[in-house]
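Peer 1: Please read through the structure below; I'll follow up with questions.
We did not get these values from a lab; they are worked out from the coordinates using the rules stated. Just so it is clear, the structure is predicted and the values come from calculations on it, not from any experiment. Methodologically, a virtual Cβ is constructed for each residue, glycine included, from the backbone with ideal geometry; neighbour enumeration extends over all protein chains shown.
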Amino acid sequence: MRKHRSYARGTGIAAEQLIALTVAAGVIFLIICAMAFLLTKIDAGKNVLSDMSTGALVVGAYFGGYTGGRRRKRNGLAAGALTGFLMFVIILIAGSIFAGYTAKITSFGKLLLTISSASLGGVIGVNAKRVP
């Protein structure tokens, strides 16, 4: 039986997911830093802060899924969904450890939002034209 193309290149699915998660975390970090700078200049309420963090999560999930799809070169929907799910699990675990956050109804909405945006990024990443 033929091995998966990732194994033939020397990188496994876990390594590709780790790279995609690293890209997503980097994008989220940059966006959060930019938003923190903006919040020092304007006076914003708690709802604005929540919306900004959700927006950063969506954009980061998209770029993580895009990176995973570009590296995997096939099954972008599945690769993106896996990236989004892993991002959500990492955020949920980190939130429960550092902030005492527990899973609520809003967690399900963020799960769907993260998986859908990462899946969209994976599909677009697979179908993006390659530069020779």
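Peer 1: Specify, per residue and in Å³, the volume enclosed by the convex hull of the alpha carbon atoms belonging to the stretch 28-125.
Peer 2: Numbers: hull volume 9.4 nm³, N = 98.
About 96 Å³ per residue, rounded to a whole number.
Peer 1: Ok, one more. If you only keep lysine pairs separated by 8 or more in sequence, or across chains, how many in the chain come under 26 Å at the Cα atoms?
Peer 2: Numbers: Lys3/Lys73; Lys3/Lys129; Lys46/Lys104; Lys46/Lys110; Lys73/Lys129.
Taking the chain as the scope, the lysine pair count is 5.
Peer 1: Any idea how far apart Thr22 and Asn47 come out in nm if each label point goes 7 Å out from Cα toward Cβ?
Peer 2: Taking the simple label geometry, Thr22 and Asn47 are separated by 4.0 nm.
Peer 1: Can you tell me the FRET efficiency between Ile93 and Thr40 if r is taken as the Cβ-Cβ distance and R0 is 41 Å, rounded to the nearest 0.05?
Peer 2: 0.90
Peer 1: Then there's this: What is the calculated FRET efficiency for Ser107 to Leu77, with r their C-beta to C-beta distance and R₀ = 22 Å, to the nearest 0.05?
Peer 2: 0.45
Peer 1: Residue-wise, which Karplus ³J(HN,Hα) couplings in Hz belong to the stretch 108-119, taking 6.51 cos²θ - 1.76 cosθ + 1.60, θ = phi - 60°, and x for glycine or proline?
Peer 2: 5, x, 5, 4, 4, 5, 5, 5, 5, 6, 5, 5
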